[in-house]
Every structure is written in C-alpha cells, then in structure tokens.
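Have a look at the structure below before the remarks.
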Amino acid sequence: GENVEQHPSTLSVQEGDSAVIKCTYSDSASNYFPWYKQELGKRPQLIIDIRSNVGEKKDQRIAVTLNKTAKHFSLHITETQPEDSAVYFCAASISGGSNYKLTFGKGTLLTVNP
Amino acid sequence: ETGVTQTPRHLVMGMTNKKSLKCEQHLGHNAMYWYKQSAKKPLELMFVYSLEERVENNSVPSRFSPECPNSSHLFLHLHTLQPEDSALYLCASSQGEAGELFFGEGSRLTVL
C-alpha cells in the first residue's frame, strides 16, 4: 500500500519567515495530494490540495508543489504569522482522490515565534 | 449546530467497560468516517460508511464496532479495550468518495 513520509516532524520559524514542509510518497499511482492544518485542540481542516496534472498551486501565502518524477510534494508558507502555528498533515490518494484510499503523513508541528 | 459534532469530547474507561462515541453531521453529506489519531503516528482510517453502508474496514479489532443508522449519525461502540487504544478518535464526513473531508473536534479516549 501507499506510504507517506513527512519531514520535518517539528519546525520553528520567526514571524515573517518562510516555512517549508516536505512529503514523499511511494505509490506512483497516487494522484491527489491534500494538506490539512490542525490547530491545538481543534479539528483538522483542509487548507490546500493539488492533483497530479499540475505542478504548483497557490492560495495567498500558501503554495504546494508536486514533483511526480521524484514522488514528492511540499507545502510552502510565506510571511508566516503566529496563527500559522499548528500541526500540518500531508496526504496522498489514488483513485481520483478517494478518501477511502487517503494515506496521511505523521504531521509537522510548526511554531511561529513572534 | 453546524458542521460535524462529536460527543463525548473526553472519555475515561476501564478495560472491561462498554461505551459509545457519537458523531453527527449537519452538512448533508453522504459519507462518514472514523479515524484514530495517536501521538507521533499518521491519522489511521478505521471505518467508512457511504450511503449508510460500510465500504471500508481497515483491519480494525472487533472490540471497535461501528454503527451508521442514517446518513447523519455515526457511532463507534467500544468494549474490552486495551490501554493502547487510548487516542483521539476523529469523525469526518464528505460529499461523495472524493469530497473534502470535514472533521469533528474528536473524542479523547483514555483506557485505564
């Protein structure tokens, strides 16, 4: 089955700096890659996703890049703010984004220091 | 109430107890999920219900028993659990198999 590795497990940055979280996946058939954000004590929420027919997607300060050849994808957060502090999970899915086949990474705890 | 609500938010039980977790979604979705979230481990999909039929069961021990009486409600019945079952149990819903997952805030379970 699919295996998703996520690095780093913890990341600390100064407010205003950029943060990058990287994930690799094992199944070349994976074609949907969402990112979820979970603030302390809160529910995970989808923040951005990308499908395998595009290489990059942006939404304001957040961007995701995908390298299908290398089987890795990354989350980029620019101009970080304290409210960006949370655990971020990457995931990969085959079958057109089926949630039944969604495999998550272990998460990255991002701390943005004021 | 809107979104996905879970009760109870916290539960402490002994290994011989029987308890249930409840999830309710107010989004009109047709698929519901149970996930297990343990420290330093990936989110683990336990069960999926689509149109009230179980479509996925990821080799979960029989001491966990799901029930989906209708498209808005999902239960997880717990009996004779082990301490290693202590975790945050998250319910989620989506519209269709590939729709965005909407999570509840979870039920924190501690097994003594």
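The values are calculated or read from the model by the stated rules, or taken from the named source; none is laboratory data. If you're wondering where the values come from, they're calculated on a predicted model, not measured in any experiment. Here Cβ is always computed from backbone atoms with ideal geometry, including for glycine, and neighbour counts include all displayed protein chains. Just so you know, the surface numbers come from the protein's heavy atoms only, side chains and all, with ligands and any DNA or RNA stripped out. Shrake-Rupley method; radii C 1.70, N 1.55, O 1.52, S 1.80 Å.
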With a 1.4 angstrom probe the carbon and sulfur portion of accessible area for chain B, in percent, totals 49
Could you tell me whether region B:1-44 comes out rounded, prolate or oblate from its Cα gyration tensor? Rule is a ≥ b ≥ c as square roots of the eigenvalues, rounded for a/c under 1.5, then prolate if a/b exceeds b/c, otherwise oblate. oblate
Of all GluC sites (Glu not before Pro) in region A:38-94, which ones are in loop regions per DSSP and have a Cβ with at most 13 other Cβ atoms within 10 Å? A:Glu39, A:Glu79
The B/A contact buries a total accessible area, at probe radius 1.4 Å and rounded to the nearest 100 Å², of 1900
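Taking the Cβ-Cβ separation of B:Leu112 and A:Asp27 as r and a Förster radius of 35 Å, what is the calculated FRET efficiency to the nearest 0.05?
Values: r = 39 Å, r/R0 = 1.11.
That gives a FRET efficiency of 0.35.
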Set the bar at 24 Å for Cα to Cα. Now go through A:Lys37/A:Lys71; A:Lys22/A:Lys101; A:Lys106/B:Lys18; A:Lys71/B:Lys36; A:Lys37/A:Lys101 and name every pair that lies beyond it. A:Lys106/B:Lys18; A:Lys71/B:Lys36
Rounded, prolate or oblate: which fits region A:31-114, taking a ≥ b ≥ c as square roots of the Cα gyration tensor eigenvalues, rounded meaning a/c under 1.5, else prolate when a/b beats b/c? oblate
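Loop-only GluC sites (Glu not before Pro) in region B:1-103, please: DSSP not H, G, I, E or B, and at most 11 other Cβ atoms within 10 Å.
Working: sites: B:Glu1, B:Glu24, B:Glu44, B:Glu52, B:Glu53, B:Glu56, B:Glu67, B:Glu84, B:Glu97, B:Glu100; in loops: B:Glu1, B:Glu52, B:Glu97, B:Glu100.
Those satisfying the criteria are B:Glu1.
Given a Förster distance of 22 angstrom, what is the FRET efficiency for B:Ser38 paired with A:Ser12, based on the Cβ-Cβ distance and rounded to 0.05? All intermediate terms of the calculation are to be shown ahead of the outcome.
Numbers: r = 23 Å, r/R0 = 1.06.
Efficiency, rounded to the nearest 0.05: 0.40.
Where a ≥ b ≥ c are the square roots of the eigenvalues of the C-alpha gyration tensor, would you call chain B rounded, which needs a/c under 1.5, or, failing that, prolate if a/b is larger than b/c, or oblate? Display every interim value, and only then the final one.
On the way: a/c = 1.68, a/b = 1.61, b/c = 1.04.
Prolate.
Considering Cα pairs under 8 angstrom that are at least six residues apart, work out the relative contact order of region A:3-53 and quote it in whole percent. Each step should come with its number before you reach the end.
Working: 52 pairs, mean separation 15.1, N = 51.
Computed value for region A:3-53: 30 percent relative contact order.
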What size of dipole, in debye to the nearest 20, comes out for chain A about its Cα centre when the only charges are +1 on Lys and Arg C-beta atoms and -1 on Asp and Glu C-beta atoms? 360
Among beta bridges that DSSP assigns inside chain A, antiparallel share in %, nearest 5: 90
